[in-house]
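**Q** Sending over a structure as structure tokens; questions will come in a sec.
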Amino acid sequence: MQFIELDGYEVLTDDGFKDFNGIKCTFGLIWRTVFSDGSHLDSSDGHLIKMASGEFVPSKDINVGDITSTGLSVVSSDEFLEQDELFDLTNVA
């Protein structure tokens, strides 16, 4: 795992722009989740997806037919793409 320390950067969240202190780089599995409008999300199995209920669910626990907070339903969630680098912001205020 590699950590890149940063200072003076912000990320846009649901609550506006927030400070964060770095980026964590790891190596992991990338999966594809496909939605009813044909769009897709490529992410790690632990990436959180906001559901219609307001609950955040790891992408590995998403099921076909689940409805996201944007009103889209999941049509596929088990397509393995590759192993690659993954990046996460750390200590988002």
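The values are calculated or read from the model by the stated rules, or taken from the named source; none is laboratory data. For clarity, every value in this text was computed on a predicted model and none was experimentally measured. Ideal geometry is used to build each Cβ from the backbone, glycine not excepted, and the neighbour counts take in all protein chains shown. Ligands, DNA and RNA are excluded from the accessible area calculation, which covers all protein heavy atoms including side chains. Shrake-Rupley method; radii C 1.70, N 1.55, O 1.52, S 1.80 Å.
**Q** Whole-Hz ³J(HN,Hα) for each residue in region 85-93, computed from phi via Karplus 6.51 cos²θ - 1.76 cosθ + 1.60 with θ = phi - 60°, x for glycine and proline: what do you get?
**A** 5, 10, 10, 10, 6, 10, 6, 5, 5
**Q** Working with all protein chains in place, sort V75, V57 by solvent-accessible area computed with a 1.4 Å probe, largest first.
**A** Descending accessible area places them as V75, V57.
**Q** Rounded, prolate or oblate, given the Cα gyration tensor of region 1-48, with a/c below 1.5 counting as rounded?
**A** oblate
**Q** Right, another one. Per residue, how big is the convex hull of the chain when only Cα atoms are used? Give it in Å³.
**A** Looking at the chain, the number lands at 103 Å³ per residue.
**Q** Could you tell me the center-to-center distance, by alpha carbons, between region 19-33 and region 36-58 in angstrom?
**A** Rounded to whole Å, the Cα centres lie 15 Å apart.
**Q** What's the magnitude of the charge dipole for the chain around its Cα centre, counting Lys and Arg as +1 and Asp and Glu as -1 at the beta-carbon? Answer in Debye, nearest 20. Don't skip to the answer; put the middle values down first.
**A** Details: 5 positive and 18 negative charges, 32 e Å.
Once rounded to the nearest 20, the dipole reads 160 debye.
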